[in-house]
Every structure is written in C-alpha cells, then in structure tokens.
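Visitor: Structure provided below as structure tokens; questions to follow.
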Amino acid sequence: MTDESTPISRRTFVRDGATAAAAFAMAPMIVPRHVLGGVGYRAPSRTLNVAMIGFGGMGMSNMNALLQAGENIVAVCDIDYPYVERSIAGRLRPRQGQTTAPAEGLKIQEAYTKAKKYDDFRTMFDKQKDIDAVVIATPDHLHAIAAYHAMKAGKHVYVQKPLTYTVQEARLLARTAHDMKIVSQMGNQGHSMEGTRRMNEIIAAGVLGPIREVHMWTDRPARYWAQGIPRPGTPVPTPATPPDPSVPPRWSMRTVDNAVLKAMEADPQTPPPGVKWDLFLGPTTRQIPYHHQKLSRGDETRGMGTSLFGKTLGIAGLGAIGRELAIRAVGLKMRVIASDPQPDRKFAADHHIDLLSLDELLRQSDFLSLHVRLDDQTRNMIGARELGLMKRNAYLINAARRELVDEEALVVAILAAQIAGAALDDPPGPAAKKLLGLPNVVFTPHLGNRAIEGVHGVFRSALEAAIQVLGGQRPTRIVNPQVYEHGLRPLLKS
C-alpha cells in the first residue's frame, strides 16, 4: 500500500521496479529446504524442541508419539530416574515371537540418552533456552504449577489430564496462556482422535439440530479401569503358583496395587531410593522440619512450598483461642471461615468470618484448625467420614487434644493421600505412631502455651481470678458460670 497523496518520482519508480523484477527472477530459484532434503526429510525450522516433565509413565508414551512425528526431545525432567530407566528397559523387551528390541523402544532410549536431564523444572527453564514446547505428565498435584512456570518462560504447553486440581488453577492457566500468547492443550487421549473431531464437526455443522441434552454413562471407575490404591492393611493375595522370575511380570492395575501395598506394609515412611521427595511434594506446605533434617545431613537443595496468602482457613471452635487465630489469619490475608455451636456473631461479622456448618467447613478449608473442648460430644469428631469431606490438598491442624481425631482414620487418610498432611500438637497414640517420620506430618508434645510468657500468663490469670473471688467479684475468665452463680457465689456471700 502507498499513500496516493505522495508523488512518486521517476527515479523511485525505476529503482522499485528493478528490485521487484529481480525478486520475481529469483523466485523460481528459492526452494523449500524439505524439498532439497528428499523424501522424509524434516527441516530444522519445522521441528520443535520439546522438554518432557514427568517421564516414567504417561510421559514416555507422549514422548514416543512426538518421536514418531519427527520432533526433537532436548530435555527430560523427572524426580525418579531409576524408575524412568526401568520403564525404558521395559520398552526394550522383545515382543512375543521376536528376538530384537522394538524400533520405537530403541528410538526412545536414543532420545533419552541425548536429552539433558533435570530433576527440577525451574532449573531446566533457567538453564536451557532452546526449548520451544513442554509436555507435562507428572502426578496431578504438579500439573498447574509446572504449566504455569512453563508458560511464564514463554513455552508452549501440553498438559496431561486432569489439567488442574482446582477451578482457580485452571483459570490462572487460561489467563497466563492468553497473556503470554502461547499455544496450550490438555491431553485427552482418545478424545483427540479423528472420531471425536468428526463428531464435533457434525454437531457444529448443525446436522443433528440444536443439542439440548447430553447423557453419558460409564462403568470405568468400578470395573473397566478402577483406579486408586487400596487402603493400607488390605491383605495382598498370595498366588497359588510362585511366579517364574525369568518371565517379565504382566503389569496390570492389580499388579501395581499389590506392589504398592507390599511396599507400604514393609516400610511406610521412607521414600524409595533415587526419589527426590521434596520435589515430588511440589506445591505443598514449606515442610520446615523435613528441610531442617536435610540441612543437618548437608543437603542444601531447596524444595517448593505454597503461600498462606489467599488460602481458606477453617476454624472449628471460635472460642478465645479460635478468635485469636482468626485475627492473625486475617492479617495474613487468608479467608477465614468458622464453625461453632454458639458463635460470637458480632466478632465474626467484625472480622468478615463466614459461619458454616462443620460439614461445609470441612469441604471448603485449605487448612482446618481444631480449637474445641474435649468432651463426649467432641471425642472423635474428626473421623473417616469427616476426613473424606476434606479436600485432597487440605491440611489438618489439631492444637487441642488428640482424642478429637480418630487416629486410625487419620492414618488411613494420610497414607492413602486423602488429605495432604497434618500438624498435631499432642503426642501420638498407638495407632498414630505409624505417622512418625513422615515428611507431611508434624507432632509436638502439646506445646501450644509452652512459652515463658505463656506460662507466666497462666499463673497471672489464676492469681487474678483468686483475688477477684476473695474480693467478692466475679472472675473475668470463667469456664462454668452456672457453678459460680448457683454454688460459689452464695457460699461467698454467706
């Protein structure tokens, strides 16, 4: 386009015309690189440099598909390389009736050998600048944070399902992908094949008319592919005929379940050798005791935690201690919710605290803190049912008495990853001793008020109350006012 109001001189016309003529003359001589390379050649300009995050299971299948498509794997990031290499060895086993390793297995091995290795994707993005795109096939709890880091580094992202743990994480990724102008996709496996695309085209073309209802049913969770490990303590069946050690095992879901159960029964507290456990934990809390132990061993590697900012704190018991905790949590910019049979509604309104039922409190809390008195009604108030209502990434904090929580149910919930972890300010009972040493469980011997100032405060309060009573005054802090009004007060007057 030219501005027609601007006059063109003869000199300019001749110069621009000669340039255009030269370009047209050279055009037949400009041949695409893939044509010169011959049949099957893929030009470097058309090849993506891809990094894999999470590689031992689904990630290896994704990598195989990328290699078959001609893409270039430049980096691999995983926290368990012994498992990765066992998985590659499995791909190299000759198929039935054959004596040589499958070609695709050899291709995976070659690409893995050439790729740079990392155990922390943050380090990978800092050090390696030739990455175009990233495939994320880690356990679910790492999907959102790994994808976010990749997007902020300007990388295109393919994330395995489920995309995120929460709607908030999904919205964050959608916004980040838009802001960074990158291409993103969630792995849908069979749903991204030709049949599903054709179905979408038919619906979009209006062939079926307006779609008003969609009905879907499946028996996958119960029979077709039941997932999730059994609870610890489930007996592992013993085969009638011992397996032949020379025959590779047939890896089914039942085989995996049995292997996990055996490992948990043998040693439920120690991460497997070669696993970078702190990196596997990913976006959990800061794991301060665990990192202190690491530093004591000379290990200065840093893990990754999560902030309290914006999280939801649920307080069960909005008494004196619960109210003090709420004030501090509001100062940390947390959303505070509470459950109490006789709440201080004015306090709750003044501090913007939502009052909920206990069940709703359990469902919404990222951190649940117990501050209730132990009696017959509150004993085991947190049991298997209540733990089942909590989020899988939620933490239980019990700063009151251990009898408030059914310890056997808590052991099951922790070992089966029904909740993310627990902090318990009371020594463990017999059942909960199984949790000692786990990096996501902290026990303390009821230290809530075991500070010098706290002990002095208790003594001072007791003395002040005694002085008030002896002076004929009603104590400021009184637990059972009915006893004072009907028993002690008339006695003092007489």
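Visitor: Could you compute the net charge surrounding Ile419? Neighbours are other residues with a C-beta less than 9 Å from the C-beta of Ile419; K and R count +1, D and E count -1.
Guide: Charge balance near Ile419 sits at +2.
Visitor: For the pair Lys114/Ile452, report the inter-label distance in nm, with labels modelled 7 Å from Cα in the Cβ direction.
Guide: Each label point is offset 7 Å from its Cα along the Cβ direction, giving 6.6 nm.
Visitor: Gain in length, Val167 to Ala259, computed as 0.36 nm per residue apart minus the alpha-carbon separation, to one decimal in nm?
Guide: 29.8 nm
Visitor: Please compute the modelled spin-label separation between Gln68 and Thr444, points set 7 Å along Cα→Cβ, answer in nm with one decimal.
Guide: About 5.5 nm separates the two model spin labels.
Visitor: With the crude spin-label approximation of a point 7 Å out along Cα→Cβ, what separation in nm comes out for Arg93 versus Ala465?
Guide: 6.9
Visitor: Within the set of other residues whose C-beta is less than 14 Å from the C-beta of Ile203, count the net charge using Lys and Arg as +1 and Asp and Glu as -1.
Guide: Combined, the nearby Lys, Arg, Asp and Glu give +1.
Visitor: Now for a separate question. Taking neighbour counts of Cβ atoms within 10 Å as a proxy for exposure, in what order, fewest first, do Ile414, Ile88, Ile136 appear? If you can, show how the numbers build up before the last one.
Guide: On the way: Ile414 23, Ile88 17, Ile136 28.
Listed from fewest to most nearby Cβ atoms, that is Ile88, Ile414, Ile136.
Taken together, the values in this text are just the output of simple stated rules run on the coordinates, not laboratory data. Since we're looking at a predicted model, the values are computed, not measured. Methodologically, a virtual Cβ is constructed for each residue, glycine included, from the backbone with ideal geometry; neighbour enumeration extends over all protein chains shown.
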